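Data first, discussion second: the structure below is written as structure tokens.
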């Protein structure tokens, strides 16, 4: 699940809440920051 953080109000917004819009549904700010996933990948060295 992709999550975004509003740079104005600081709320966490999911992709389902955004739909096709590219602005915060709470404060109408257009600058959203995509959060990193919490999954840690292990890569073996060659």
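Rule-based calculations on the coordinates, nothing more; no lab input. Bear in mind that the values here come from a model prediction, so they are computed numbers and not experimental data.
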Review point. For the chain, what does -39500 (n - 2.57) per DSSP helix run (n ≥ 4), summed and divided by total residues, give at 222 nm, in deg cm²/dmol to the nearest 500?
Key: -1000 deg cm²/dmol
Revision key, fill the gap. Rounded to two decimals, the Debye log10 I(q)/I(0) of the chain (Cα scatterers, no solvent) at q = 0.24, 0.25 Å⁻¹ is -0.79, -0.84
Study note, to complete from the structure: A chain fully extended from residue 36 to residue 5 at 0.36 nm per residue, minus the present Cα-Cα distance, gains in nm 10.1 nm
